Every structure is written in C-alpha cells, then in structure tokens.
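Each remark here refers to the structure printed beneath this line.
The numbers here are math on the coordinates, done by the rules we state, and not lab data. Note that the coordinates shown come from a computational prediction; the quantities given were computed from them, not determined experimentally. Glycine also receives a Cβ, built like all others from the backbone with ideal geometry; neighbour counts cover every protein chain displayed.
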Amino acid sequence: MTKSFGYAAPEKGGTLGPFSFERREVGEKDILIDVQFCGVCHSDIHQVNDDWGGAIYPMVPGHEIVGRVERVGSGVTKFKEGELAGVGCMVDSCRTCVNCKAGVEQFCEIHTALTYNGTEMDETTPTFGGYSTNIVVDESFALKISPDQNLASVAPLLCAGITTYSPLRRFGVKEGSKVGIVGLGGLGHMGVKLAVSMGADVTVFSTSPNKEEDARNLGAHHFVVTRDPAALEPLASQFDFILDTVSAPHDLNTYLELLKYDGALVLVGIPGEPAAVSAPLLVMKQRNLTGSAIGGIPETQEMLDYCAANNIVSDIELIPIDDIAQAYERTVRGDVRYRFVIDIASLKNKGAS
Ligand code: NAP
Ligand code: ZN
Ligand code: ZN
C-alpha cells in the first residue's frame with residue numbers, strides 16, 4: 001500500500017483535521033502523483049456539509065489536483081517520472097459504455113469513480129481527494145500539465161476551468177456572442193476569462209458591487225449588480241448564452257428573461273434545493289434551460305492545452321492547510337478572489353512532524 005496523509009472531515013459539517021490513510025499499490029497502468037497544489041471548490045464545501053446527500057466520511061476533499069509524477073507502473077505510456085500531472089473530479093469509469101466511448105466519462109452508464117466522496121469501480125472502496133500528500137490514479141484519468149504556467153494557478157482549471165469551458169464550447173460561444181456569467185466566484189471568474197478569450201461580449205451578474213473592478217480586470221465588458229432589479233430591465237431578451245454559477249438558491253426566471261429567442265441558460269451551480277421555473281418564459285421565446293457537469297477527459301485535456309496556448313490561469317489565493325476553515329467560511333460569504341488553492345507543502349510539513 002502507499003501511505004498518504006491528508007485533511008479530512010470526520011462527519012457531516014465537521015471541521016477538517018489530520019488524517020492518515022493508505023492508497024492502493026501503484027498498479028501496471030497507475031501513476032503515483034506527489035501532490036503540490038489543490039484548489040478549493042465550492043463543491044468541497046457542499047459535500048463536507050452533505051448538501052447533496054449520501055456523503056461518505058471521513059472525507060478528504062479536493063478535485064483540483066496538480067503535482068509531479070513520482071512513480072509509474074510498468075505499463076504506463078502517457079507519463080514519465082518527474083513530469084507534471086493533474087487530476088480533476090473523476091479517477092475512473094467503466095470505459096466501455098456509450099458515454100465513456102464518447103469521451104464523457106462523467107456520464108458513465110455504469111459508475112463514475114469520483115475523486116473523493118465516491119467509490120472505486122468496485123463501488124465499495126471509498127476514494128480520497130487531493131487535500132493530501134499524494135494520489136494513485138490510472139494514467140487514463142490523469143491530465144498532462146504544461147510546465148510553462150504557474151502550477152498553483154493551473155490547479156483550479158481541473159474543475160472550475162473545465163466546468164465553464166465545456167458549456168461555452170457546447171453552445172458555440174464565439175466572436176460577438178452576448179454572454180452573461182452569473183456569480184463571480186471560482187467558476188464565474190474562469191467563465192469570464194474563457195468567454196472573453198473566445199471573443200464574446202461578456203456581462204457579469206453579481207450580488208457584490210465591490211467586485212466590479214475585478215470583473216473588468218478579468219476582461220468583462222459590463223457589470224450588473226443583481227440586488228437592483230431595475231438594472232436588469234433594459235437587458236431583457238439580449239443574451240445568447242448565460243452561465244449560472246451560483247451556489248445558493250436564487251431566482252432563475254430573472255435570467256431566463258434576459259435570453260434572446262432560442263438562447264440558453266446553463267446551470268453549473270448546484271444549490272441543494274429545487275428552483276421554480278416560469279413556463280411562459282421558456283415557451284414564448286423557445287428559450288433553453290439546461291445543466292452541465294464538468295467535462296470528459298478528452299475535453300479536459302483540450303481545455304488545459306487551450307489555456308496553456310492562451311495564457312489563461314486562475315486568479316488564486318495560496319493558503320496553508322491551517323487556513324482551510326477560514327477559506328471555507330470566506331467562500332460561503334462570497335469573499336473569494338477568486339479561488340483558494342492549498343499549498344500541499346504545508347501538509348507535508350505536518351505529516352512529517
Ligand atoms: P464560489 O467560488 O463560492 O462562487 C459562487 C458565487 O456565487 C459567489 O462568489 C457569489 O458571487 C455567488 N453567490 C453566492 N451565494 C449567492 C446567493 N445567495 N445569491 C446570489 N449569488 C450568490 O463557488 P464555485 O466554486 O464557483 O462553485 C459554484 C457552484 O458550482 C457550486 O454550487 C458548486 O458546487 C458548483 N459546481 C458545479 C460543477 C459542475 O460540474 N456543474 C463543478 C464545480 C462546481 P457574487 O459575489 O458575484 O454574487
Ligand atoms: Zn469542483
Ligand atoms: Zn461508462
């Protein structure tokens with residue numbers, strides 16, 4: 001077995017603390033990654049709090065993982081020792097069903113092994129995430145990382161990056177598209193950067209007036225404070241595509257109304273409660289309401305390569321593991337600029353002491 005040390009939530013809503021555990025031996029197709037940085041996604045907080053039900057404890061969160069390959073199995077061809085590697089939200093899937101074959105392993109018909117708060121393909125062995133010193137993963141579910149970018153700032157691409165890139169591509173956002181991004185947090189700020197890089201005219205919808213300058217620095221063309229309903233009225237039927245990244249319950253009809261004929265509102269935020277939708281708003285302009293979940297492995301690699309070619313990374317606050325509780329609290333308050341990333345060196349120091 002491979003010894004690992006991480007931070008885990010002991011129970012629902014529990015404070016994260018030190019946790020020693022073991023990962024599997026490095027198998028023929030596995031790589032062992034020495035984790036260097038791990039992003040803090042709002043999904044980590046939802047899952048620690050069991051907002052979506054069915055959580056497994058102790059839980060080591062973290063699915064925005066980057067590090068260096070420490071060991072490779074005898075059959076590994078994609079990575080060499082010493083190279084950079086990343087792991088996102090999945091560590092395995094059946095690989096044979098129609099969705100896996102189409103490269104959308106997140107929608108595997110049999111079982112998607114989530115990086116944490118999930119189980120391996122035996123559907124029994126719990127998985128542990130990236131708030132930890134190392135991870136063992138099949139090479140097929142590890143991503144190649146460019147050595148030319150700041151590694152800590154690349155980590156959030158593994159979830160926030162792909163979750164925003166995938167729907168922007170699916171809906172063909174391009175030069176001149178009118179795009180709205182709702183919520184300027186981890187996902188939202190990546191959505192802005194990516195949509196701007198694709199040539200879109202980007203509007204940020206935010207509850208935080210003090211984020212306007214940041215939004216403009218990220219490349220957004222317009223900024224609307226949603227606490228003032230009058231500010232939204234002139235924007236009715238203006239948008240081709242709106243990406244909703246909000247983590248808490250809120251009114252979707254506000255944004256449906258802003259879509260043009262056949263425009264799309266795509267939910268990526270996952271509040272724990274259902275939302276009411278106005279049928280006339282959907283029917284009268286044939287508007288589309290849909291969701292999107294991360295992205296498959298091929299598209300995740302495409303996104304990483306795109307970000308490397310276009311010099312796109314996340315804006316981060318690097319924190320030691322000791323600050324994790326405060327980072328959660330600030331994220332819940334919407335006070336995140338714009339992704340917390342854990343420096344795993346701070347964890348390794350603890351593990352050694
Ligand atoms: P985050 O950094 O906390 O950002 C969420 C933003 O939403 C906040 O910064 C805030 O922006 C806005 N917001 C928060 N509470 C709000 C409220 N009550 N009303 C209106 N706006 C509010 O979170 P994140 O990491 O980007 O994740 C966002 C959501 O996406 C979470 O639910 C997460 O679980 C989900 N997620 C989904 C996927 C997927 O595959 N679909 C992947 C990753 C994460 P302003 O201050 O600008 O208003
Ligand atoms: Zn995430
Ligand atoms: Zn499958």
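Residues in segment 129-152 that are β-branched (Val, Ile, Thr) and touching a helix residue (DSSP H, G or I) at 6+ places or on another chain (Cβ under 9 Å): Thr133, Ile145.
Go through Ile181, Ile162 for me and flag whichever is β-branched (Val, Ile, Thr), within 16 Å of ligand 2 (Cβ to nearest atom) and surrounded by 19 or more Cβ atoms within 10 Å (Cβ to Cβ). Unique residue meeting the criteria: Ile162. Let me confirm something: among Glu273, Glu299, which residue is under 30 Å from Gln47 (Cα atoms) and within 16 Å of ligand 3 (Cβ to nearest atom)? It is Glu299. Scanning segment 94-128 for residues that are farther than 29 Å from Ile324 by Cβ and in contact with a helix residue (DSSP H, G or I) (Cβ under 7 Å, 6 or more places away or on another chain) turns up Cys94, Asn99, Gly103, Phe107, Cys108, Glu109. Can you confirm whether Asp50 is buried (at least 17 other Cβ atoms within 10 Å of the Cβ) and on the phi > 0 side of the Ramachandran plot? When the stated conditions are applied, Asp50 passes them. Residues in segment 140-163: is at least one within 15 Å of ligand 1 (Cβ to nearest atom), part of a loop (DSSP other than H, G, I, E, B), under 20 Å from the mean Cα position of the chain (by Cα) and farther than 24 Å from Glu70 by Cβ? Looking for residues that are within 15 Å of ligand 1 (Cβ to nearest atom), part of a loop (DSSP other than H, G, I, E, B), under 20 Å from the mean Cα position of the chain (by Cα) and farther than 24 Å from Glu70 by Cβ, one finds none in segment 140-163, hence no.
Note on segment 322-352: residues that are crowded, with 16+ Cβ neighbours inside 10 Å, closer than 20 Å to Asn150 by Cβ, among the aliphatic types (A, V, I, L, M) and more than 17 Å from the chain's Cα centre (by Cα) total 2. In segment 184-210, the residues that are within 12 Å of Ile242 (Cα to Cα) and in contact (Cβ under 8 Å) with a residue 60 or more places away in the chain form Cβ pairs under 7 Å with partners that are crowded, with 24+ Cβ neighbours inside 10 Å and among the aliphatic types (A, V, I, L, M), at six or more places apart or across chains, as follows: Gly188/Ile181. Note on segment 164-193: among residues that are assigned to a helix (DSSP H, G or I) and more than 10 Å from ligand 1 (Cβ to nearest atom), the one that is nearest to Phe223 (Cα to Cα) is Val192.
Val104: farther than 21 Å from Lys348 by Cβ and crowded, with 18+ Cβ neighbours inside 10 Å, yes or no? Yes.
Scanning segment 108-131 for residues that are in a strand (DSSP E or B) and within 16 Å of ligand 2 (Cβ to nearest atom) yields Ala113, Leu114.
Filtered by the rule that a residue be touching a strand residue (DSSP E or B) at 6+ places or on another chain (Cβ under 7 Å) and hydroxyl-bearing (Ser, Thr, Tyr), segment 156-183 gives Thr164, Ser177. In segment 199-235, the qualifying residues are those that are within 10 Å of ligand 1 (Cβ to nearest atom) and part of a loop (DSSP other than H, G, I, E, B), and the one that is farthest from the chain's Cα centre (by Cα) is Arg227. Of all the residues in segment 75-104, those that are under 25 Å from Pro126 (Cα atoms) and among the acidic types (Asp, Glu) number 1. Take the residues in segment 260-308 that are in contact with a helix residue (DSSP H, G or I) (Cβ under 6 Å, 6 or more places away or on another chain) and polar (S, T, N, Q); name whichever of them is farthest from Phe107 (Cα to Cα). Going through the qualifying residues, I end up with Ser278. In segment 251-280, which residue that is in a loop (DSSP other than H, G, I, E, B), touching a strand residue (DSSP E or B) at 6+ places or on another chain (Cβ under 9 Å) and in contact (Cβ under 8 Å) with a residue 60 or more places away in the chain is farthest from ligand 1 (Cβ to nearest atom)? So, considering only residues that are in a loop (DSSP other than H, G, I, E, B), touching a strand residue (DSSP E or B) at 6+ places or on another chain (Cβ under 9 Å) and in contact (Cβ under 8 Å) with a residue 60 or more places away in the chain, the one farthest from ligand 1 (Cβ to nearest atom) is Leu258. Scan segment 240-255 for residues that are under 11 Å from Gly180 (Cβ atoms) and either more than 16 Å from ligand 2 (Cβ to nearest atom) or of a type outside the set (A, V, I, L, M) (or both) and the total you get is 7.
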